[in-house]
1. Provide R14, R146 ordered by accessible surface of protein heavy atoms (probe 1.4 Å), highest first.
2. Percent antiparallel among DSSP beta bridges with both residues in segment 171-248, to the nearest 5?
3. Suppose all protein chains stay in the model; what accessible area per residue would a 1.4 Å probe give for segment 181-280, in Å²?
4. Summarise the long-distance tail of P(r) for segment 152-272 by giving the % of C-alpha pairs beyond 22 Å.
5. Rounded to the nearest 10 Å², what accessible area does H33 have for a 1.4 Å probe in the complete protein model?
6. Report, in listed order, any pair from K89/K205; K83/K160; K44/K106; K41/K118 with a Cα-Cα distance greater than 18 Å.
7. Calculate what fraction, in whole %, of the accessible area of segment 187-294 sits on carbon and sulfur atoms when a 1.4 Å probe is rolled over the protein chains.
8. Full extension from E233 to S176: what is 0.36 nm times the residue separation minus their Cα-Cα distance, to one decimal in nm?
Amino acid sequence: MKKTDDKKIDFAQRISQLEEEIRTTPYHKGTEHHIGKLRAKIAKLKNQEEQATKKAGGSNIGFIPKKGGDATIVLIGPPSVGKSTLLNKLTQAQSRVESWPFTTVKVVPGMWDYQGAKIQIFDLPGIIHGAALGVGRGREVLSATRSAELLILMVDIKTKSQIKSILKELKQVGVSLPVLTVVNKIDLIKETTKQEDIILISVEKEIGLEDLKQKIWEKLGLMRIYLKPKGKEPDFQSPMIMKEDQTINDVIQKAFPEEKTFSQVLIWGPSARFPAQQVSLTHHLLDGDILSFL
């Protein structure tokens, strides 16, 4: 059994390394082929990992539903800390909420509309000490986080001492993602001390939720780009959601799947030196920019 467990950890670590390489590789024509090969390797490793799990008699808890939207977040933490309640507050999901542990026994997806972006959230089953070793099917839960762009580690005032151990177990299975740590149920204590790297909230009393939403947006590194058809006003109700530091060329690839050429690209907004500035395709965009392709 130990041999199989070691192999699964190797799969997780290799997949995490490849995903990190994709995140740190600038995307342009010169790297497009390389990034495609990295994604193919990840798909192959995930398939091999699944086959190894089946041979070892393991079970897959439905991980993970098909990804959708502009970004994916995973909620992870001990049982009964309020993850399902948070998911229900942010989305239209109907994740079961009860006062006893292990109410969530499979992945529950929800879609959160925020700032014009559709952000997918997965509520994972609660994890307990020893998850990296497979206790309480913890390895499956921890490995499932690799599909996300952001991990929200959620505890409450009674389980906040587990933060370090959970982060350690994530590292043991090769998960390396941006993490936002959240402490829930602060309404149950009289005084709270703010910490720079921890968000304090009460989902039930809706305390700190707006701050949490803004921190999630910042951590995901998303930005809104508005398209302005020739002779018309921009559509501020339906922005294109892009990643920070992307260029006009990235917008073209997303907005116009079929190859198109433009004689001019005009820009208004935070990254423009003046309104209707003509810019090149390598121009780096900022949140709120308006583009017109002519």
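The values are calculated or read from the model by the stated rules, or taken from the named source; none is laboratory data. None of these values were measured; they are calculated from a predicted model. Note: accessible area is taken over every heavy atom of the protein model, side chains too, but ligands, DNA and RNA are not part of it. Shrake-Rupley method; radii C 1.70, N 1.55, O 1.52, S 1.80 Å.
1. Working: R14 100, R146 15 Å².
The residues order as R14, R146, largest area first.
2. Working: 6 of 9 bridges.
Close to 65 percent.
3. Numbers: 6490 Å² over 100 residues.
Result: 65 Å² per residue.
4. Values: 4001 of 7260 pairs.
The calculated P(r) of segment 152-272 puts 55 percent of pairs beyond 22 Å.
5. 140
6. Values: K89/K205 11 Å; K83/K160 14 Å; K44/K106 24 Å; K41/K118 28 Å.
The pairs that break the limit, which is 18 Å between Cα atoms, are K44/K106; K41/K118.
7. Values: 3380 of 6980 Å².
Carbon and sulfur together cover 48 percent of it.
8. Numbers: separation 57, 0.36 × 57 = 20.52 nm, distance 4.20 nm.
Length gained, E233 through S176: 16.3 nm.
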